[in-house]
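Written below as structure tokens is the structure these notes are about.
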Amino acid sequence: MINITLPDGSVRQFEQGVTSLEVAQSISEGLARNVLAAKVNDSVWDLSRPITEDARVQLLTWNDDLGKNTFWHSSAHILAEALEALYPGIKFGIGPPVENGFYYDVDLGEQHFSQDDFAKVEQKMLELARSKSEFERREVSKAEAVAYFEEKGDQYKLDLIKDLEDGTITFYTQGNFVDLCRGPHLPNTGFVKAVKLMNVAGAYWRGDEKGKQLTRIYGVTFPKQKELTEYLERLEEAKKRDHRKLGKELELFTFSEKVGMGLPLWLPKGTLLRERLEQFLRKAQQRAGYQPVVTPHIGSKELYITSGHYEKYGADSFQPIRTPNEGEEFFLKPMNCPHHCEIYKTRPRSYKELPVRLAEFGTVYRYEQSGELHGLTRVRGFTQDDAHIFCRPDQVKDEFLKVIDLVLYVFHSLGFEDYTAQISLRDPENKQKYIGTDEAWEKAETAIIEAAAEKGLSTVTELGEAAFYGPKLDFMVKDALGRKWQLGTIQVDYNLPERFQLEYIGADNQKHRPVMLHRAPFGSLERFVALVIEHCGGNFPLWLSPEQYAILPISEKFHDFAQQVKELLEQEDIRGYVDNRDEKIGRKIRDAEVRKVPFMLIVGEKEQENNAVSVRKHGEGDLGSMTVGEFTGMFKAKIAEALNK
RNA sequence: GCCUCCAUAGCUCAGCUGGUAGAGCAACUGACUUGUAAUCAGUAGGUCGUUGGUUCGAUUCCGACUGGGGGCUCCA
């Protein structure tokens with residue numbers, strides 16, 4: 001007999017060789033029907049795999065991420081089986097589960113596959129699912145594995161096997177399809193009840209840009225048809241929040257082919273919104289001891305040779321502009337730090353005045369690959385809410401902590417509660433990608449890890465994601481469609497102070513080298529605005545809204561009164577417009593609702609008599625009549641509440 | 001940059017297998033003077049992204065380019 005410990009701590013005894021499915025059956029029939037896989041000690045197993053010694057067992061269902069992963073991983077195999085049946089001779093890369101489904105990378109050879117073929121493949125997948133084929137696990141020797149795929153002529157699988165150790169290789173078979181796979185899998189294909197292929201895309205084999213490009217087919221499956229329907233509905237809803245769509249509808253920004261791809265044009269309403277964000281951060285930074293500076297949009301080539309950016313990015317950035325006569329070369333600035341270093345150097349610095357915090361809403365230009373551009377989230381010209389903190393080594397941690405506070409203040413004020421704090425470190429396997437000494441890197445990485453821990457941030461650590469001059473703490477937020485974007489970032493840098501020979505005079509009257517922190521709570525205004533739009537679905541917080549009210553006169557007779565109300569509100573720094581078109585009130589209300597204007601102020605005879613406005617709130621309806629004074633009072637209270645929560 | 005799909009009026013879209021285009025909304029004009037999500041009527045608006053080719057004839061078929069979507073790679 002062996003002891004099986006369940007997650008609640010209870011221990012049950014079973015025969016040696018018991019399967020997780022049998023464990024589930026001993027608990028309840030319902031659980032046995034829903035269980036998809038099991039976590040045995042620390043790895044996920046097939047339900048049918050015999051357990052031969054004492055173990056901790058956690059039964060995984062659709063409600064567990066690991067259960068979903070197993071479900072989708074098995075679905076990828078069903079997709080592969082369907083594809084093999086419909087497109088004989090195709091070769092397979094990898095087919096893993098992902099956050100919302102799964103994909104399989106395939107080499108179709110001479111055959112073609114597009115969205116038009118989805119229905120056919122989906123049908124085949126459902127047919128295979130209904131056949132309830134079991135997923136059979138088999139341990140194979142490396143030689144056997146190689147022989148099988150050589151016979152099949154699948155060079156990708158052979159490529160994968162090459163890196164595997166003999167004795168750890170397993171095959172899974174369902175129906176007529178055999179795959180090299182670590183597993184685990186569902187007991188059989190019948191668990192899959194609903195299938196939807198989502199899109200096709202190119203993907204480099206093993207992520208190598210120079211390598212062969214395979215066709216990646218994305219799909220998603222569910223244990224119930226209803227869940228698929230709901231998922232697709234959620235997706236439709238999410239698309240309505242896409243900032244590119246709302247940006248156009250709400251007239252916030254646009255792009256022009258003539259101006260150039262990836263170069264956003266801010267429309268008046270978008271500019272208003274952006275300026276409110278700037279103002280908000282300027283205030284917070286003033287309180288935190290930052291000093292605003294302004295620097296030009298270009299800098300000489302020498303500047304970037306000194307900073308190291310030229311060596312790293314010179315060939316892959318916008319090429320320099322030249323003076324007509326002297327041939328001097330200038331680059332559009334891709335970042336603000338070198339300029340700020342030069343500001344720091346204007347005069348000798350005393351240890352007493354550190355930290356020096358120089359802040360600038362600096363517009364920078366970067367050559368991004370054309371295929372990378374994406375709405376406002378990835379552009380070629382954008383404005384960073386940049387600042388550089390020059391401090392003594394003993395101040396680094398404290399400054400870092402203060403910046404974390406600032407970033408979190410910004411995020412909370414905008415309602416970004418669902419973010420990931422990512423510690424981005426150097427790739428230890430690939431040190432030549434970075435500049436600076438090992439010692440400096442270690443100091444910087446330690447500083448970040450300690451500061452994040454001290455703030456109690458729950459972090460994920462990514463190797464190889466550091467900037468080339470230093471490690472980062474990045475705050476990532478997802479867009480409407482679940483794509484992750486970096487917003488806030490804090491970076492420790494020992495390299496630029498060295499390269500620019502930055503100094504301060506210490507208490508010992510000796511020269512010392514300051515440490516630099518780069519930081520941007522928004523990251524870029526463009527990307528931040530994009531994420532704000534998607535998070536609120538265009539229904540901006542009152543303080544950000546480009547049009548905070550619309551005054552809607554009942555008829556032309558009240559246009560003068562409407563104008564008087566507008567002037568009163570303007571005095572209170574509340575912005576909006578009067579809709580004095582010859583339209584019925586119902587129409588004006590509808591249009592203001594569509595424009596997502598937070599407050600509609602309806603003025604007619606009653607209001608004029610009482611010097612009042614009838615207030616209607618966007619999405620909620622009539623709030624009744626009140627004086628202009630009462631309205632502004634309520635209005636300001638709401639803003640104060642939103643910003644101080 | 002790579003793979004793939006897409007491109008018709010300011011916006012959203014229709015236009016079967018090739019015979020030079022249509023709707024709704026927006027705009028403009030007029031009438032209506034309006035009480036909580038679309039008043040009525042009229043007018044104007046497109047060398048069908050650009051450019052080659054096939055054809056008697058191309059918005060429609062093919063190629064290139066430009067821009068956009070999805071993904072890959074990249075992201076100071």
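The values are calculated or read from the model by the stated rules, or taken from the named source; none is laboratory data. Please read these numbers as outputs of a predicted model, since none were measured by experiment. Note that each Cβ is placed from the backbone with ideal geometry, even for glycine, and that neighbours are counted across all protein chains shown.
Annotations for the structure displayed:
- Just one of the numbered conditions (1) within 16 Å of RNA strand B (Cβ to nearest atom); (2) assigned to a helix (DSSP H, G or I); (3) of a type in the set (S, T, N, Q) is not true of A:GLN286: (1).
- If the condition is being among the acidic types (Asp, Glu) and crowded, with 18+ Cβ neighbours inside 10 Å, then the stretch A:296-314 contributes no residue at all.
- Cβ-Cβ under 6 Å pairs, at least 6 apart or on other chains, the stretch A:338-363 side over 17 Å from A:ARG392 (Cα atoms), far side among the polar types (S, T, N, Q) and part of a strand (DSSP E or B): A:PHE361/A:THR383; A:GLY362/A:GLN384; A:THR363/A:THR383
- Exclusive hit being in a loop (DSSP other than H, G, I, E, B), of a type in the set (S, T, N, Q) and more than 9 Å from RNA strand B (Cβ to nearest atom), set A:THR363, A:THR346: A:THR346
- Candidates in the stretch A:443-469 are the residues that are more than 16 Å from RNA strand B (Cβ to nearest atom) and part of a loop (DSSP other than H, G, I, E, B); of these, the one that is farthest from A:HIS309 (Cα to Cα) is A:GLY456.
- Residues being touching a Ser or Thr at 6+ places or on another chain (Cβ under 9 Å), closer than 19 Å to A:LYS224 by Cα and either free of Cβ contacts under 8 Å to residues at least 40 places away in the same chain or part of a loop (DSSP other than H, G, I, E, B) (or both) are entirely absent from the stretch A:41-57.
- Criterion violated by A:ALA143 - all others in (1) surrounded by fewer than 19 Cβ atoms within 10 Å (Cβ to Cβ); (2) in contact (Cβ under 8 Å) with a residue 40 or more places away in the chain; (3) of a type in the set (A, V, I, L, M, F, W, C) satisfied: (2)
- Which numbered condition A:LYS588 misses (of (1) surrounded by fewer than 19 Cβ atoms within 10 Å (Cβ to Cβ); (2) without any contact (Cβ under 8 Å) to a residue 40 or more places away in the chain; (3) over 30 Å from A:ARG234 (Cβ atoms)): (1)
- Single condition A:PRO97 does not satisfy, out of (1) in the same structural domain as A:ASN176 (by TED's automatic domain parsing); (2) in contact with a Leu (Cβ under 6 Å, 6 or more places away or on another chain): (2)
- A:GLY247 among the small types (Gly, Ala, Ser), part of a helix (DSSP H, G or I), more than 10 Å from RNA strand B (Cβ to nearest atom) and touching a Phe, Trp or Tyr at 6+ places or on another chain (Cβ under 9 Å): yes
- There is no residue in the stretch A:195-209 that is over 27 Å from the mean Cα position of the chain (by Cα), more than 10 Å from RNA strand B (Cβ to nearest atom), surrounded by fewer than 19 Cβ atoms within 10 Å (Cβ to Cβ) and at pLDDT 95 or above.
- Condition met for A:GLU605 (within 9 Å of RNA strand B (Cβ to nearest atom), more than 40 Å from the chain's Cα centre (by Cα) and modelled with pLDDT of 95 or more): yes
- In the condition set (1) more than 20 Å from A:LEU83 (Cα to Cα); (2) acidic (Asp, Glu); (3) touching a strand residue (DSSP E or B) at 6+ places or on another chain (Cβ under 8 Å); (4) surrounded by 13 or more Cβ atoms within 10 Å (Cβ to Cβ), A:ASP159 is compliant with all but (3).
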